[in-house]
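Everything below concerns the one structure shown next.
The values are calculated or read from the model by the stated rules, or taken from the named source; none is laboratory data. The structure presented is a predicted model; accordingly, all values stated were derived computationally and were not measured. Methodologically, a virtual Cβ is constructed for each residue, glycine included, from the backbone with ideal geometry; neighbour enumeration extends over all protein chains shown. Side chains included, ligands, DNA and RNA excluded: accessible areas come from the protein's heavy atoms. Shrake-Rupley method; radii C 1.70, N 1.55, O 1.52, S 1.80 Å.
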Amino acid sequence: MQQDPEHRSRDEQAGGRVMGLGRTWAVALVGMRGVLVEVQSDDAGSGIPEATIVGSVSTAMKEAKHRVKVALKHSGMRWPDKKVVVNLSPADVPKRGSVFDLALATSILCADRQIEAPLAERTVHLGELGLDGRVQPARGVLPAVHAAVRAGYPHVVVPQANAAEAALVHGAQVTGVGHLIDVVRHYGVPIDPDLEEQIRSSAPAQPLKRPCGPLGPRRRSG
């Protein structure tokens, strides 16, 4: 049913996109104990399109917004044309590392209504994003997925390189992804074949080795 123009927001009447609350989940590791983290995104008002990340996050994590923004662009998605606030809760749990990238991106896409899938609100996302949209392998996936399933969230989206590891957790329903476009397709967003071919042809092949240990990007020793 079409809404009465008198009851539509000024943003809608001006032709702008109206954001809603985007919600999904990630996991923070405290030692080797996994803690479920809710990731919420919403419109923070007019102004320069950017994101503010709050909720006891490290300085490095606050910089994730730049990585996510570029990854969205290289995946054929758009950054919201409004200021966005992203909250990670509970606030008293430290959040470190780039493994939250995938949840940040999914939450923002849901808030901007580029993804409209109730399943995203019941799914845990783990993985670092490259600037080209590739989903990088992560450490600590096994205890993180254990924590998710134990908390009642069996649906998990993880890097393709970690999918076999995540599937070791009894009860986990695992989706492995190699690129951000795989995530949006998982939630029913159609992907233009020509665009996908262009995106995949410009991205280098994924490494096959799966890391293990605490959550975070792989580091070379020495």
Simple spin-label model, 7 Å along Cα-to-Cβ: THR52 to THR175 in nm? 3.1 nm
Which of the lysines could be linked to LYS83 by a straight reach, that is with a Cα gap under 24 Å, when you skip same-chain ones fewer than 8 residues away? LYS62, LYS65, LYS69, LYS73, LYS95
What is the extension gain from GLU116 to ALA91, computed as 0.36 nm multiplied by their sequence separation minus the C-alpha to C-alpha distance, in nm to one decimal? 6.4 nm
In region 88-184, what percent of the accessible surface is made up of carbon and sulfur (1.4 Å probe, ligands and nucleic acids excluded)? 53 percent
If R₀ is 25 angstrom, what is the calculated FRET efficiency for the pair GLU63 and ARG200, using the beta carbon separation as r and rounding to 0.05? 0.40
Classify region 84-125 as rounded, prolate or oblate from the Cα gyration tensor: take a ≥ b ≥ c as the square roots of its eigenvalues, call it rounded if a/c is under 1.5, otherwise prolate when a/b beats b/c and oblate if not. prolate
To the nearest Å², the heavy-atom accessible area per residue of region 42-192 with 1.4 Å probe amounts to 40 Å²
Using a ≥ b ≥ c from the Cα gyration tensor of region 58-217 (square roots of the eigenvalues), is it rounded, prolate or oblate, where a/c under 1.5 gives rounded and otherwise the larger of a/b and b/c decides, a/b for prolate? rounded
Taking only the C-alpha atoms, wrap a convex hull around region 98-183 and report its volume per residue in Å³ as a whole number. 81 Å³
What percentages make up the Cα-Cα pair-distance distribution of region 39-150 when the bins are 5 Å wide from 0? 2, 12, 22, 26, 23, 11, 3, 1, 0
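Could you work out the Rg to Rh ratio of region 22-89, with Rh taken as the Kirkwood radius (inverse of the mean 1/r over all Cα pairs)? Don't jump to the answer; show the numbers that get you there.
Numbers: Rg = 13.0 Å, Rh = 13.0 Å.
So for region 22-89, dividing Rg by the Kirkwood Rh gives 1.00.
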